[in-house]
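Asker: Here's a structure for you.
The values are calculated or read from the model by the stated rules, or taken from the named source; none is laboratory data. Remember, predicted model here, so these are calculated numbers, not experimental data. Note: ideal-geometry Cβ built from the backbone for every residue, glycine included; neighbour counts use all protein chains shown. Areas reflect the complete protein model, heavy atoms only, side chains present, ligands, DNA and RNA absent. Shrake-Rupley method; radii C 1.70, N 1.55, O 1.52, S 1.80 Å.
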Amino acid sequence: MYLHLPFCARRCAYCDFCTLQLDETSLKKYHAALKSEIELFSDGAAVDTLYFGGGSPSLYPLDLLQELLDTLRSRFRFELREATLEANPWELTFERLERWKKLGVNRLSVGLQSSDGEILKTVNRPVPPDLFERLEMAVDLFDNVNFDFILGLPGENRKNVENNLKLIERLKPAHISYYMFDSDHETDLMASVKNDIIELPDKDTLEKLHDFIVLSLKELGLTRYEISSWSKGRMSLHNLKYWKSGDYKGFGVSAGSHEGTTRSVNCDSLDQYIDSIVAGKRPLAYIRENTPLEELFETLFMGLRLIDGLTLSAEIFPADLLERSVERIASVLGEFLVVNGYRLSLNDYGLDMSRLVFERLVGIMEEMESLLPSRATVEKQKNT
């Protein structure tokens, strides 16, 4: 289960997530609507992972977090193995850490992005002067802490990366997420880049730094199990649900759900979200039932992110579709893949070129889709 808590103290220049400026009026309205959405559209299912994402969930008032958890427990069967809360360094105080733990949070995901204050200042994400002490307190109180980093922000260089790795070495978090900055989204940072106000690191530099990070994290005893994720035996159980195309339910603005072959996403407008809830309607931006082809390729998009890859099940997908899809994928992407029957994984070259692999997967899906009857034709045939 995923809950989106969208409020932030400020908007980081690189961010393209659904966020809202924190103010008391909006917070109260959103909290009431979120509780109502849970009450209206709960189904009593078992929940084994819970994730508070945002936004900045660590800003959410502790008494309101308690209310959300009480509402969830009254409507679902909690069999929690993992409960994650995303946290900013500024909110890592002893009081908050202890309260989160008492509420049942057993995993923290701390958004560092970089340990370099100048880089963070450039992207409108100031860092506390006592950053190390706050992080040290977090890893002392929680045995399952993730540090998030972004590679490729303005000012990135070898020294900055080395300092990030030294921080990891000293504090020994159980999990590291090291993402490559995605420059494809319309953000304040990319507007500055396009207007020649800020310059991003060049591609060759980033490739070398990425190779250095992969090698260094391995030397620090962290195992890479997903394109951007490393762990010391504490893989993210919640994210594994996404990557293995499991079932999950999302509540809040912009939250997504995947149940069976049905995918849905909530609207990202606060006013529309609240109006829908008040009217007793699901606050959806869209909902659709995937075709077998769509479900198969979505399974590939997610599963190929895992270092071990995935096995496409003949019990889930039609045999002829599996055969045609794997044959076509192997012929187009063979240099990037290890293919053994219906088991596929990226090789080392494929991991380095994963963005290109996923772009070509989209092309293969569209090519195969063009050979099938359209959705409208299928629906018409059903009705007939």
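Asker: Using only Cα atoms, locate the centre of region 49-109 and the centre of region 16-30, then give the distance between them in Å, rounded to an integer.
Answerer: 17 Å
Asker: For region 278-347 and region 244-269, write down the distance between their C-alpha centroids in whole Å.
Answerer: One Cα centre to the other: 17 Å.
Asker: Going by Cβ distance under 4.7 Å, what cysteines of the chain have no possible disulfide partner?
Answerer: Cys with no partner Cβ under 4.7 Å: C8, C18, C267.
Asker: Counting heavy atoms of the protein chains only and a 1.4 Å probe, report the per residue accessible area for region 50-136 as a whole number of Å².
Answerer: Heavy-atom SASA per residue in region 50-136 reads 42 Å².
Asker: What percentages make up the Cα-Cα pair-distance distribution of region 40-113 when the bins are 10 Å wide from 0?
Answerer: P(r) for region 40-113, in whole percents per bin: 18, 53, 25, 5.
Asker: Still on this structure, I have one more. Which lysines have a Cα less than 21 Å from the Cα of K29, not counting those fewer than 8 places away in the same chain?
Answerer: Within reach: K281.
Asker: Follow-up. Of all the accessible heavy-atom surface of the chain, with the other protein chains kept in place and a 1.4 Å probe, what percent is carbon and sulfur? Walk me through the numbers on the way to the answer.
Answerer: Details: 9320 of 18730 Å².
Carbon with sulfur: 50 percent of the solvent-accessible area.
Asker: Something else: Pull out the extension gain between M137 and R355, defined as 0.36 nm times the separation in residues minus the alpha carbon to alpha carbon distance; nm, one decimal.
Answerer: 74.8 nm
Asker: Averaged per residue, what accessible area in Å² does region 181-228 show with a 1.4 Å probe, protein chains only?
Answerer: So region 181-228 comes to 62 Å² accessible per residue, rounded to a whole number.
Asker: In square angstrom, rounded to the nearest 10, how much accessible surface does V339 have for a 1.4 Å probe?
Answerer: The accessible area comes out at roughly 60 Å².
Asker: List the GluC sites (Glu not before Pro) within region 173-246 that fall in a DSSP loop (any state other than H, G, I, E or B) and whose Cβ has at most 10 other Cβ atoms within 10 Å.
Answerer: Numbers: sites: E186, E199, E207, E219, E226; in loops: E186, E199.
Those satisfying the criteria are E186, E199.
Asker: If DNA, RNA and ligands are ignored and the probe is 1.4 Å, what is the ranking of M235, M353 by accessible area, most exposed first?
Answerer: Ranked from most to least accessible, the order is M235, M353.
Asker: Just from its helices, what would the mean residue ellipticity at 222 nm be for the chain, if runs of 4 or more DSSP H residues each count -39500 (n - 2.57) and the sum is divided by every residue, rounded to the nearest 500 deg cm²/dmol?
Answerer: Computed ellipticity for the chain at 222 nm equals -13500 deg cm²/dmol.
Asker: A further question follows. Dipole magnitude of the chain about its Cα centre, charges +1 at Lys/Arg Cβ and -1 at Asp/Glu Cβ only, in debye to the nearest 20?
Answerer: 780 debye
Asker: While we're here: May I ask you to give the solvent-accessible area per residue for region 230-384, in square angstrom, as obtained with a 1.4 angstrom probe?
Answerer: Result: 53 Å² per residue.
Asker: Please give the direction-averaged projected area of the C-alpha convex hull for the chain, in square nanometres with one decimal.
Answerer: 20.8 nm²
Asker: So what's region 87-186 giving for Rg/Rh, alpha carbon basis, Kirkwood Rh from the mean inverse pair distance?
Answerer: Using only Cα positions, Rg/Rh for region 87-186 is 0.97.
Asker: When DSSP assigns beta bridges and you keep just the ones with both residues in the chain, what percent turn out antiparallel, to the nearest 5?
Answerer: The antiparallel fraction comes to roughly 45 percent.
Asker: Considering just Cα atoms, how many Å³ per residue does the convex hull of region 222-288 enclose?
Answerer: Each residue corresponds to 106 Å³ of Cα convex hull volume.
Asker: A further question on this structure: Please identify every one of the trypsin sites (Lys or Arg not before Pro) in region 218-270 that sits in a loop by DSSP and has no more than 16 other beta carbons within 10 Å of its own beta carbon. Working shown, then result.
Answerer: Numbers: sites: K218, R224, K232, R234, K241, K244, K249, R263; in loops: K232, R234, K244, K249.
Within region 218-270, the qualifying trypsin sites (Lys or Arg not before Pro) (loop, at most 16 other Cβ atoms within 10 Å) are K232, R234, K244.
Asker: Can you give me the long-range amide H partners of N144? Hydrogens built in the peptide plane at 1.01 Å from N, cutoff under 5 Å, separation of 5 or more residues or another chain.
Answerer: Those qualifying (amide H under 5 Å, at least 5 residues apart or on another chain) are L108.
Asker: Under 25 Å between alpha carbons: how many lysine pairs meet that in region 83-214, if sequence neighbours fewer than 8 apart on the same chain are excluded?
Answerer: So the count of such lysine pairs works out to 15.
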